[in-house]
Each structure stands twice: as structure tokens, then as C-alpha cells.
Amino acid sequence: MSTEALEMRGPVEGTKDAKRVAIGSSVGAVIETYDFIGFGTAAALYFGTAFFPSGDPVIGTLAAFATLGVGFAARPLGGILGGHLGDKVGRKPVLVASLIVMGLATFAIGLLPTYGQVGLVAPALLVTVRIIQGLAFGAEWGGAILMSYEHAPWKSKGRYTGIVQAGFPVGLLLANLVFLFSVHLGGDWAWRVPFLASIVLVVVGLIIRSKVPESPVFEDVKDSGEIAASPILDSVKKDWRDILRGIGLRVAETAGYAVSITYMISYLHENDLAGKSETLLALCVASAIGIFATIGWASLTDRIGRRPVYLGVCAFAALFGVPMFLLVNTGTFVLILATVVIAYAVCQNALAGAQGAWFPELFQAARRASGASLAYQISAMVSGFTPFITALLYFAFGWIGPALLFSFYGLVGLVCALVTRETWGRTERRLADQAGRSNSHPSDSPGGPLSGGTAAASSTKEKELL
């Protein structure tokens with residue numbers, strides 16, 4: 001690791017807009033998570049009967065979860081498009097466009113006719129809108145996380161990207177609060193209102209996000225003439241190993257979430273372990289705690305590194321699968337609440353918090369959006385169909401099937417963390433300390449790369465990020 005390589009992470013002390021960028025990126029993450037995760041809640045509680053009535057609730061649930069998975073399957077395509085444009089035209093345009101598309105698609109779900117009204121046209125429309133949601137959400141993450149990462153100070157990149165990642169539990173909290181309220185409306189309004197209400201959040205998000213400045217690292221890459229003709233192809237050719245590692249790291253988090261949260265909602269409801277209101281209340285509590293947990297875990301990676309956090313939490317997740325189901329099977333609400341909080345605030349939030357800084361650091365600046373987005377979104381195909389697979393395992397083997405699947409995902413993350421290099425170890429932290437001290441002395445060159453923006457000249461020296 002050289003100082004030049006660290007310089008491609010952005011200014012030593014960050015930009016003056018670092019906090020505003022992190023908050024602006026987080027607001028978008030809140031809105032898009034509200035939209036995307038809200039679909040998962042609706043699929044577990046309502047869509048089986050509204051769009052796939054068959055007389056068999058099991059078939060309806062499977063069909064609803066399959067539709068949920070279609071959106072996740074579309075996310076890699078969105079990631080490819082968003083990553084390509086993020087490396088070609090900038091991070092900011094991708095942020096704004098993805099928010100608009102997601103917002104309109106989500107609002108449209110609230111207007112869709114049901115199966116009882118138009119027959120097979122209803123599920124066809126639902127699948128179409130879900131695909132559009134997946135494309136927009138796939139494009140969102142890379143732009144949001146890189147904007148925050150590249151504006152943030154070297155020594156606090158975990159914390160700043162953690163603010164963006166914390167937008168996901170905020171979105172989850174808002175979605176479940178709205179569903180907790182709308183469940184009392186009855187009929188179709190119980191699921192329509194949450195989707196229709198999202199348009200208000202979209203307008204607010206666009207106002208905030210339009211004022212966010214472009215990434216200084218992208219500007220330097222553009223000024224130095226290093227923008228690749230095809231960033232996606234370059235990343236696949238040169239970074240395929242890190243992309244594969246990133247996919248495995250991400251699967252532990254997002255597929256684990258699909259078992260412990262998305263599927264668990266349906267499991268609790270169908271086995272009469274908790275009512276809809278109790279389930280949503282548990283999710284709201286977990287989400288509220290998760291906001292602070294995500295930032296806390298992310299900040300911890302700034303102090304001890306990205307890899308140790310991942311290793312410890314994945315090992316815990318691998319051991320937690322069976323106890324998780326044993327606890328909820330008691331039907332005791334306090335134990336169910338504690339289980340959901342642990343599954344979310346520890347197993348999911350810690351991994352998401354570490355990913356915010358770790359994934360961008362695995363790739364060179366010129367193809368960072370492409371590489372990070374590919375690794376992050378390809379894994380979505382696995383997690384997207386996990387609730388469907390989990391439901392099949394339960395029907396075949398009982399609760400032990402989903403429990404072992406959750407543990408398996410933890411083991412996948414553990415193995416991938418072992419074979420992925422640390423990007424913020426003792427050497428990097430020592431260089432950052434030295435650069436920070438050097439930058440604090442007035443004798444340093446005020447125009448140098450360590451005193452303000454990332455110098456375009458330094459990018460020509462970069463052969464590898466690490």
C-alpha cells in the first residue's frame with residue numbers, strides 16, 4: 001500500500017461537503033429501501049391473496065415470494081447499467097435517475113388492479129413493475145455509497161458510508177410503521193396506502209439529492225483522461241476475483257436477511273406464532289436499533305479494520321441459525337422480539353456496515369462503481385429467491401431447513417472474508433495518521449494531493465488500489 005493508492009480514496013480530511021453528501025445519499029437509500037423492502041412485507045402479508053389466489057395459501061405465498069425474487073434478479077442489470085454510467089458520466093446523475101424511476105414504479109404498485117378485478121393481467125403488471133423496481137434499486141447503491149466514500153476523510157470512511165447504509169434500516173422502519181398503521185384500514189387499502197405514500201418521500205429526496213456535489217475522485221479521473229471506454233468489461237477482466245469474493249461476502253448479509261427477516265415474517269404469521277401487528281412491531285423495534293447499530297459497526301471498522309468485523313459476525317451467524325428458530329418457535333413475543341433484533345442489528349447490520357467502505361476499497365477508482373456494483377448486486381439474485389427456497393425447505397423438512405440455510409450463508413461469508421484482503425489494516429491506518437499529521441502543518445504544499453482534492457497527477461501513478 002502506498003500513499004498514492006490511498007490518495008485515490010479522496011482527500012485526506014475529506015471535502016467540506018462530506019457530511020451533506022453522506023446525508024443526501026442516505027436519504028435516497030431511505031426512500032428506495034422503503035419502496036423495495038415494502039414490497040417484501042406486502043408479499044409476505046397480502047400479495048398471495050390479492051394477486052395469486054388459488055385456494056391454497058401455500059401456493060399463493062410461493063408465487064408472491066417468486067415475484068419478490070424477480071425484482072432481485074433484475075438488480076444485477078441495474079447494477080451493470082448504474083456502474084457503467086457511474087464510471088462514465090458520474091455518480092450523481094445515477095443517484096437522481098434511480099430515485100425517480102424507483103419512486104414512480106412504487107407509486108404505480110399502489111394503483112395496480114388485483115386478480116379479482118382483471119384476472120391474470122394483475123400478476124403480469126405486478127411482475128413488470130417489480131422488474132423496474134429491481135433495475136432502479138440495482139443502480140442506486142453504487143452511486144450512493146461511492147459519493148459518500150469518495151467525499152469522506154480517510155480515517156472515517158467506514159463511519160460516513162455507514163450513514164448511507166443506515167438509510168436501509170430507516171427505510172425499513174418507515175415501511176413497517178406505515179404497514180403497522182395501514183393494517184387497520186382493512187381490504188386492499190392495507191397494502192395500497194404504503195406504496196402510494198412513497199411519492200411524498202420521493203419528492204423530498206429529489207430536492208435533497210439534487211444539491212449534492214459530484215465526487216472529487218470521479219472529477220479527477222475524468223480530468224486525467226482515465227475514464228474507460230467500457231468500465232464494466234474492464235472490471236470483469238481485471239477484478240473478477242474480487243467481484244466473486246464480494247458476491248460471497250454480500251450473500252451472507254442479504255440472503256441471511258431474506259431468511260431471518262423476509263421469510264420470518266411469513267413463518268411467524270402462518271404458524272400463528274405472532275400476529276401481523278406483533279410481527280410488524282418487532283420489525284420496527286429492530287429497524288430503530290439497526291439505524292444506530294449500522295453506524296456503530298461501520299465506525300468500528302475504522303478502528304480495527306473491515307475484515308475482523310466480518311469474520312466475527314459471520315462466525316456468529318453460522319452458529320445462530322438453529323437457536324434463532326428455537327427461540328421464535330416458543331411463541332413468546334419477548335423472545336421473538338429479541339431474536340429479530342439480534343438477527344437484524346447484529347447479523348445484518350454489522351455486515352452491511354462493513355461493506356460500505358470495504359467494497360469500494362477493493363477496486364481502482366476508474367472502475368470502482370462498476371466493480372462494487374457488480375459484486376453487490378449479483379448476490380441479489382441469490383437473496384431474492386431465498387424466501388422462495390426457504391419456504392420450500394420448510395415444507396419439505398420443517399423449521400430445521402431454513403435454520404440450516406441461514407447457517408450456511410454465514411459460513412459462505414466466513415470463507416469469503418478469510419480469502420479477501422484487508423483494505424484498512426494497520427499499514428493503511430498508519431499511513432493515514434502520517435498523512436493527517438503532514439496535512440496539518442502549514443509548511444506542506446497547499447495545492448498538493450494531501451491538502452485538498454485528490455490530485456489528478458497522482459492517479460497516473462496508481463497501478464493498483466491495494
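Quick notes on this one:
- Under 13 Å, Cβ to Cβ, from Ser373 - net charge with Lys/Arg +1 and Asp/Glu -1: +2
- Counting charges near Phe72 (Lys, Arg +1; Asp, Glu -1) among other residues having Cβ under 13 Å from its Cβ returns a value of +3.
- Net charge of neighbours whose Cβ lies under 13 Å from the Cβ of Leu268, counting Lys and Arg as +1 and Asp and Glu as -1: -2
- For the stretch 425-438, the Karplus equation 6.51 cos²θ - 1.76 cosθ + 1.60, evaluated at θ = phi - 60°, returns couplings of x, 4, 5, 5, 5, 5, 4, 5, 4, 5, 5, x, 5, 5 Hz by residue, with Gly and Pro reported as x.
- Heavy-atom surface of the chain, accessible at 1.4 Å and reported per residue (Å²): 35
- Lys/Arg +1, Asp/Glu -1 at C-beta; the stretch 237-307 dipole; positive extreme among Gly296, Val285, Leu273: Gly296
- Taking the Cα centre of the chain as origin and assigning +1 to Lys and Arg Cβ atoms and -1 to Asp and Glu Cβ atoms, the resulting dipole is close to 540 debye.
- Close amide-amide hydrogen proximity is noted between Leu273 and no other residue 5 or more places distant or on a separate chain, at a cut-off under 5 Å (H modeled in the peptide plane; Pro and chain starts excluded).
- Note on surface exposure: Lys88, Lys237, Lys157 rank Lys237, Lys88, Lys157 by accessible area, highest first, 1.4 Å probe.
- Each part gets one Cα centre, and for the stretch 327-362 versus the stretch 217-238 those centres are 35 Å apart.
- Stokes-Einstein D in µm²/s, Kirkwood radius over Cα pairs - the chain at 4 °C with 1.567 mPa s viscosity: 59
- For Ser215, distant residues with modelled amide H under 5 Å away: Arg91, Lys92
- Accessible-area value, His151, 1.4 Å probe, nucleic acids and ligands omitted, Å²: 10
- Ile265, Ile389, reordered so the largest accessible area comes first (probe 1.4 Å): Ile389, Ile265
- Area accessible to solvent at Glu278, 1.4 Å probe radius, in Å²: 80
- Across the stretch 344-352, rounded Karplus estimates of 3J(HN,Hα) from the backbone phi angles (6.51 cos²θ - 1.76 cosθ + 1.60, θ = phi - 60°) give 8, 6, 9, 5, 8, 4, 5, 5, 5 Hz, Gly and Pro being marked x.
- Helical runs assigned H by DSSP (4 residues or longer) give the chain a calculated mean residue ellipticity at 222 nm of -25000 deg cm²/dmol, each run adding -39500 (n - 2.57) before division by the residue total.
- With the whole protein complex present, Ser383 retains an accessible surface near 0 Å², based on a 1.4 Å probe.
- Modelled FRET efficiency - R0 60 Å, Val89 with Ser277, Cβ distances, 0.05 increments: 0.85
- The chain: relative contact order in percent, alpha carbon pairs under 8 Å with at least 6 residues between: 28
- Gain upon complete extension [Ile400, Val236; 0.36 nm per residue less C-alpha separation]: 55.3 nm
- Mean Cα-pair separation over length for the stretch 238-373, i.e. relative contact order, pairs under 8 Å, 6 or more apart, %: 39
- ³J(HN,Hα) computed for each position of the stretch 164-172 - Karplus, 6.51 cos²θ - 1.76 cosθ + 1.60, integer Hz, glycine/proline x: 5, 4, 5, x, 5, x, 5, x, 5
- Just the protein heavy atoms count here, and of the accessible area of the stretch 123-252 at 1.4 Å, carbon and sulfur take up 70 percent.
- Largest to smallest accessible area among Val221, Val96 [probe 1.4 Å]: Val96, Val221
- Cα centroid separation, the stretch 148-208 to the stretch 102-141 (Å): 18
The values are calculated or read from the model by the stated rules, or taken from the named source; none is laboratory data. All figures in this text were calculated on a predicted structure; none of them were measured in a lab. Positions of Cβ are backbone-derived with ideal geometry, glycine not excepted, and every protein chain shown enters the neighbour counts. These area figures cover heavy atoms from the full protein model, side chains too; ligands, DNA and RNA do not enter into them. Shrake-Rupley method; radii C 1.70, N 1.55, O 1.52, S 1.80 Å.
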